[in-house]
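**Student:** I have a structure here, written as structure tokens, and I will follow up with some questions on it.
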Amino acid sequence: MKNHSAWFIFLMTALCLQGYGQTQVVKGKVYDAKSDFPLFGATIILVNSDPIVGSTTNEDGNFRIEKVPIGRQVFLVKYVGYKTITLPNVLVTVGKEVVLDIKLEESVTSLEEVVVTADTDKDLPLNELAKVSARTFNLEEVTRFSGGRNDIARLATTFAGVSAPDDSRNDIVVRGNSPTGLLWRIEGIPIATTNHFATLGTTGGPVNALNTNLLRTSDFLTGAFPAEYGNANAAVFDVNFRNGNTDKVEFTGQVSAFSGAEMMVEGPLSKANESSFLVSYRYGIAGIAATGTSATPYYQDLSFKVNLGRTKIGKIEVFGFGGNSNIDFLGDEIDETDLFANPSQDAFVENELGLVGLSHTLRIDKTAYLKTVFGASTNYNQFLQDNLIKNGSGQTINSYRATNVFNRENRFTVSSTFNKKFSARFSLRAGIVNEKYDLNLFTSDRDNRSEIPDTDNDGIPDFLITTRDYQDGFNLTQTFAQGEYRFNDDWSITAGIHSQYHGFTEDTSFEPRAAVSWQVNATNRLSLAYGRHAQSIPAPILFLREDVGNNQFELTNSNLEFVTSDHFVLAYDWNIAPSWRLKAETYYQSISNVPVSATPSSYSLLNEGADFVFDEEGSLVNEGTGSNIGLELTLEKFFSNDYYFLATTSIFDSKYKGSDGIERNTAFNNQYVFNALFGKEWKFGKDNRNAWTLDSKFTLAGGNPFTPIDIDATRANSGREVGFENRAFSENIGDYYRWDLKFGVRINSKKRNISHQFFIDLQNLTNRKNEFIQRYNEVTDQINTVEQIGFFPDIMYRIQF
């Protein structure tokens with residue numbers, strides 16, 4: 001296999017060195033940024049073309065530019081009365097037409113053509129109401145950055161404020177918050193998780209089921225986000241699927257050691273109304289993925305989007321994705337260094353997830369539209385554990401079912417948003433999101449429970465205790481309204497409110513949001529934002545059954561209210577030079593109404609969520625608090641002159657108070673994160689149509705706090721870990737550092753519309769064995785330090801035609 005790959009690269013390189021000029025089509029649509037109305041007569045020009053290559057938009061805002069040279073290009077977009085922008089670093093290959101969605105902002109102070117031109121700012125999100133703590137990302141960045149594994153969640157770890165020192169899972173820890181505070185939103189529909197092998201209430205996992213080849217430019221927001229986002233305390237991943245090509249059928253094939261083998265096809269349904277389809281299937285390559293275990297994971301997923309184009313009743317799109325996964329941890333085949341399994345247990349994991357949605361956009365007039373999305377999603381996980389009884393020589397002589405977990409969460413969602421641009425100065429957005437939850441939750445176990453007797457002394461506890469058994473549903477209803485007023489082209493202010501009503505707890509929240517932005521001059525911008533954000537209690541906590549005496553079990557957490565946090569963010573952006581940006585943000589987050597124990601304890605909900613399970617804590621009350629404070633710096637050179645650079649530094653402090661009133665580190669207070677990324681391309685071939693690529697990423701982060709294990713109390717508790725209560729989160733695992741280095745080549749065929757991309761990503765090049773966790777080992781009767789994944793090479797090949 002390796003010899004064939006090397007021969008293939010050599011052959012393609014030799015052929016391309018004899019190549020001649022070849023071009024591609026660049027097309028797309030130009031919209032008004034506030035009303036999303038297509039702009040007729042906008043001009044798009046290929047910079048430095050001679051003679052000039054360009055196009056103007058038609059009445060539908062569409063443009064098409066033929067004969068664009070292969071390589072990275074820059075486009076200038078102009079329209080009378082609107083701010084002129086440039087689009088740098090547009091990668092053009094022979095294998096696929098380039099489609100651009102371009103939004104222009106109307107000038108407040110001038111009706112003439114605005115001649116001041118600036119590069120598009122990657123720190124400015126697609127959602128123009130987000131003034132701070134927001135960043136766009138696209139497909140090329142996901143595949144370009146080293147160590148990313150084609151996973152958009154891992155891409156986020158390169159951004160300031162995000163910490164994920166865990167090689168085995170892609171949980172996103174933002175500014176010291178639990179990863180459960182993250183909101184995943186797909187085409188406007190909230191979804192529990194996008195990961196294979198996920199469990200109820202968590203947002204991360206080992207492998208993301210979102211196929212990055214389907215993504216269009218999307219937003220990632222880390223604090224004080226606009227009023228349209230709700231039920232999240234930490235961050236928002238606002239993901240969108242792109243449409244398929246409306247003019248021709250195109251194929252993409254890809255094989256990667258981590259993300260698996262996939263095939264995607266897209267093309268037009270009807271050229272007359274610009275309808276299209278896009279579908280992709282992916283299958284995980286068993287046995288070679290670096291997941292932190294010697295057990296073999298299996299996973300597959302399917303993603304699609306159908307754009308029905310212009311119809312008499314508006315624009316209609318159908319989209320969705322789904323997948324399943326399973327893995328068997330067999331105790332006799334693993335050892336005590338496994339990140340997820342125990343050699344004295346057999347465990348069987350099965351998961352399903354999926355989303356299907358239909359969006360309808362009704363254009364009311366040139367200034368207003370109504371977008372309604374209907375969605376249905378499911379998230380299912382099953383976990384079965386058999387404890388092994390072994391003899392003195394370590395041979396298994398018997399086993400028994402110790403744990404049963406069956407969880408299914410279905411959501412039926414309706415989201416409707418009205419957007420109105422009253423003038424160049426003022427715009428309004430308002431809407432409603434209703435989620436109907438349908439839950440079927442069951443958990444029973446007898447694993448390491450000292451309270452369960454063994455009357456016949458056969459080593460098997462007599463019965464299982466059922467801690468979750470809930471089959472019912474409820475509604476979570478959210479409403480919002482937010483407007484923006486621009487005093488001039490330099491000053492703008494946004495203000496809005498978000499509200500939520502939880503049908504099960506009957507709790508209501510009202511959450512004001514506001515932000516102001518000042519473009520001091522052409523190169524400097526100041527922004528200040530405030531937002532109150534509320535989040536419902538995770539289902540594993542809300543529907544926990546607690547033994548209240550006489551073997552009677554009740555839902556003692558059923559009255560818990562929303563957790564509330566107040567975000568304050570001050571941001572400064574400086575365009576140091578063309579393509580160079582310096583960004584600084586300082587923030588403070590005050591968290592209240594946090595569930596803690598009714599009796600004095602160090603427990604807090606703020607420490608849950610970075611694992612597959614939640615603690616079984618009942619009789620909780622909303623009396624805890626927490627706080628996060630920090631400073632973030634980003635120095636970035638966007639891709640130009642054949643290289644890019646990104647350095648991010650986050651310094652923060654994350655604290656909480658349980659019911660004992662003592663302030664402690666949260667489980668996610670690793671206090672600092674530093675990332676440095678660099679990438680370079682070397683063009684080759686007769687017309688520089690191909691490129692060698694090099695990308696590198698270095699990460700250094702503090703170790704997460706943990707609670708030391710009381711080994712004597714653990715032994716007395718039948719092996720179920722017990723920590724020193726008075727030393728909760730008082731120690732830290734070792735600092736985390738990792739260096740990834742990726743080499744690649746991008747080749748454009750000289751005779752056919754075929755492009756190839758190949759890379760080898762040397763992840764954790766130094767084979768650093770970062771500490772993962774302190775764990776009691778039942779086999780050795782000792783507390784061991786479990787180490788993370790060492791060196792792992794990820795190889796990918798992609799073909800497009």
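We did not get these values from a lab; they are worked out from the coordinates using the rules stated. Please read these numbers as outputs of a predicted model, since none were measured by experiment. Positions of Cβ are generated from backbone atoms using ideal geometry, with glycine treated the same way; all protein chains shown enter the neighbour counts.
**Student:** Short version: ³J(HN,Hα) in whole Hz for each residue of the stretch 296-312, in order, from phi by Karplus 6.51 cos²θ - 1.76 cosθ + 1.60 (θ = phi - 60°), x for Gly and Pro, what are they?
**Tutor:** Karplus-based 3J(HN,Hα) across the stretch 296-312 equals 9, x, 10, 7, 8, 8, 10, 10, 7, 8, 10, 9, 7, x, 6, 10, 5 Hz.
**Student:** Roughly what % antiparallel, to the nearest 5, for the DSSP beta bridges in the stretch 23-120?
**Tutor:** Once the DSSP bridges in the stretch 23-120 are tallied, antiparallel ones form about 70 percent.
**Student:** While we're here: Taking 7 Å along the Cα-to-C-beta vector as the label spot, tell me the ASP687-ASN732 distance in nanometres, rounded to one decimal.
**Tutor:** Placing both labels 7 Å beyond Cα along the Cβ direction yields 5.5 nm.
**Student:** How high is the relative contact order of the chain? Use alpha-carbon pairs under 8 Å, at least six apart in sequence, and give a whole percent.
**Tutor:** Reported relative contact order: 11 percent.
**Student:** About the Cα centre, and with charges only on the beta carbon of Lys, Arg (+1) and Asp, Glu (-1), how big is the dipole of the chain? Nearest 20 debye, please.
**Tutor:** Computed charge dipole of the chain: roughly 4320 debye.
**Student:** What order do you get for TYR737, TYR603 when you list them from fewest to most C-beta neighbours inside 10 Å?
**Tutor:** Sorted ascending by nearby Cβ count, the order is TYR737, TYR603.
**Student:** Can you tell me which lysines have their Cα less than 23 Å from the Cα of LYS436? Leave out same-chain residues fewer than eight positions away.
**Tutor:** Cross-link targets: LYS371.
**Student:** Roughly speaking, what is the stretch gain from ALA598 to PHE678, that is 0.36 nm per residue apart minus the C-alpha to C-alpha distance, in nm to one decimal?
**Tutor:** That pair, ALA598 and PHE678, stretches by 23.8 nm at full extension.
**Student:** Right, next: Rank these for me by crowding, HIS567, HIS360, going from fewest to most other beta carbons within 10 Å.
**Tutor:** HIS360, HIS567
**Student:** Counting pairs of alpha carbon atoms under 8 Å apart in space and at least six apart in sequence, what relative contact order in percent does the stretch 215-296 give?
**Tutor:** Result for the stretch 215-296 is 23 percent.
**Student:** Only bridges whose two residues both fall in the chain count here: according to DSSP, what percent of them are antiparallel, nearest 5?
**Tutor:** So the antiparallel bridges in the chain amount to around 95 percent.
**Student:** Related question: So what's the angle, to the nearest 10 degrees on a 0 to 90 scale, between helix 2-16 and the longest Cα principal axis of the chain?
**Tutor:** Relative to the chain, helix 2-16 is tipped by roughly 10 degrees.
**Student:** Still on this model: Sorted by packing (mean other beta-carbon atoms within 10 Å per residue), highest first, where do 505-511, 90-96 land?
**Tutor:** 90-96, 505-511
**Student:** Here's a follow-up. Add +1 for every Lys or Arg and -1 for every Asp or Glu among the other residues with Cβ under 15 Å from the Cβ of LYS686, and state the total.
**Tutor:** Around LYS686, the surrounding residues sum to +3.
**Student:** Enumerate the amide H contacts of ARG72 below 5 Å, restricted to partners 5 or more residues apart or on another chain; note that Pro and chain-start residues carry no placed amide H.
**Tutor:** VAL92
**Student:** Return the subset of LYS305/LYS420; LYS583/LYS769; LYS34/LYS315; LYS78/LYS686 for which the Cα-Cα distance in this structure is over 29 Å, preserving the input order.
**Tutor:** Listed pairs above 29 Å: LYS583/LYS769; LYS78/LYS686.
**Student:** Summing +1 for each Lys or Arg and -1 for each Asp or Glu, what net charge is found among the other residues whose Cβ lies under 14 Å from the Cβ of ASP566?
**Tutor:** +2
**Student:** Can you work out the FRET efficiency for the pair ARG720 and PHE791, with r the C-beta to C-beta distance and R0 = 30 Å, to the nearest 0.05?
**Tutor:** Using R0 = 30 Å, I get an efficiency of 0.30.
**Student:** May I ask which of LYS248/LYS680; LYS29/LYS96; LYS248/LYS637 have a Cα-Cα span longer than 24 Å here?
**Tutor:** From LYS248/LYS680; LYS29/LYS96; LYS248/LYS637, over 24 Å: LYS248/LYS680; LYS248/LYS637.
**Student:** Here's another thing I want to ask about it. Once you place label points 7 Å from the Cα toward the Cβ at ALA33 and LEU694, how far apart are they in nm?
**Tutor:** 3.7 nm
**Student:** Would you tally the net charge around ASP456, using a Cβ to Cβ cut-off of less than 15 Å, leaving ASP456 out, and scoring K and R as +1, D and E as -1?
**Tutor:** -2
**Student:** Using a 7 Å offset from the Cα along the Cα-to-Cβ direction at both GLU352 and ASN58, what is the distance between the two label points in nm, to one decimal?
**Tutor:** For the pair GLU352/ASN58, the computed spacing is 4.4 nm.
**Student:** Determine the gain in length on full extension of the stretch ASP247-ASN521; use 0.36 nm per residue of separation and subtract their C-alpha separation, reporting nm with one decimal.
**Tutor:** 94.4 nm
**Student:** Right, here's the next one. To the nearest 500 deg cm²/dmol, what mean residue ellipticity at 222 nm is calculated for the chain from DSSP H runs of n ≥ 4 alone, each contributing -39,500 (n - 2.57), summed and divided by the residues?
**Tutor:** -1000 deg cm²/dmol
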